[in-house]
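Asks: Questions regarding the structure given below will be posed in turn.
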């Protein structure tokens, strides 16, 4: 099984990329490819720019990555209660090429943040919106207070209860 995992942030130190990478590592007998949104950085989408440049090659490349997957592990960053601008821009470019951006792939949808709500607002928005764009969301998980509950050196959830919760979500849903 091929997993494509990514954090919905363009931060070089993305906590959501760390969470997505860790969650993807919990699946057995898989080939995991972790994407970096910086590899898909495009100008801010507008219909005027789209008329000028057409379908952006990086959006096509991202859609090819999604196509190659059996499962998506996506952890969205929350900026002011919504998607990060980097994720939204990539999503906008891709949705102009193909409405079903996520191509009916099964998805584990995650979010984390330094705060106690763990990206709950963006997780709720995405859980409601992404199925309209081809995401087959099988489970969601929010990791609160990232800095207190995730060990960056070992790249794993350090809070035993939350770690078990994520493992149980994966075991029961996939």
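The values are calculated or read from the model by the stated rules, or taken from the named source; none is laboratory data. Small disclaimer: the values here were computed from a predicted structure and weren't measured. Positions of Cβ are backbone-derived with ideal geometry, glycine not excepted, and every protein chain shown enters the neighbour counts.
Asks: Of the residues that sit in segment 117-161 and are assigned to a loop (DSSP other than H, G, I, E, B) and touching a strand residue (DSSP E or B) at 6+ places or on another chain (Cβ under 9 Å), which one is surrounded by the most Cβ atoms within 10 Å (Cβ to Cβ)? I'd like the intermediate steps shown before the answer.
Replies: First pass over segment 117-161, keeping only residues assigned to a loop (DSSP other than H, G, I, E, B): 117-119, 134, 144-145, 152-155, 158-159.
Next cut, touching a strand residue (DSSP E or B) at 6+ places or on another chain (Cβ under 9 Å) only: 117-119, 134, 144-145, 158-159.
Working: 117: 15, 118: 23, 119: 28, 134: 17, 144: 18, 145: 16, 158: 13, 159: 16.
Per the criteria, the residue is 119.
Asks: Check whether at least one residue in segment 30-39 is out of contact with any helix residue (DSSP H, G or I) (no Cβ under 9 Å at 6 or more places or on another chain), under 21 Å from residue 155 (Cα atoms) and at pLDDT 95 or above, and report yes or no.
Replies: If we filter segment 30-39 for residues that are out of contact with any helix residue (DSSP H, G or I) (no Cβ under 9 Å at 6 or more places or on another chain), which is where we start, we get 31.
If we keep only those that are under 21 Å from residue 155 (Cα atoms) too, we end up with 31.
Of the ones still in play, those that are also at pLDDT 95 or above are 31.
Yes, that holds for at least one residue.
Asks: Further, regarding this structure: Having 3 or more residues that are buried (at least 18 other Cβ atoms within 10 Å of the Cβ) is the bar; report the helices (runs of 4 or more DSSP H) wholly within segment 3-108 that clear it. Full working, then the answer.
Replies: On the way: elements: 15-25, 47-53, 57-67, 85-97.
Here the list reads 15-25, 57-67, 85-97.
Asks: So residue 170 passes all but one of these: (1) in a helix (DSSP H, G or I); (2) under 18 Å from residue 37 (Cβ atoms). Which condition number does it fail?
Replies: Tallying (1) in a helix (DSSP H, G or I); (2) under 18 Å from residue 37 (Cβ atoms), residue 170 fails exactly one: (2).
Asks: Ok, one more. Yes or no: residue 25 in contact with a helix residue (DSSP H, G or I) (Cβ under 8 Å, 6 or more places away or on another chain) and either within 22 Å of residue 171 (Cβ to Cβ) or at pLDDT 95 or above (or both)? Spell out the reasoning first.
Replies: Numbers: in contact with a helix residue (DSSP H, G or I) (Cβ under 8 Å, 6 or more places away or on another chain): no; either within 22 Å of residue 171 (Cβ to Cβ) or at pLDDT 95 or above (or both): yes.
So residue 25 does not fit the description; no.
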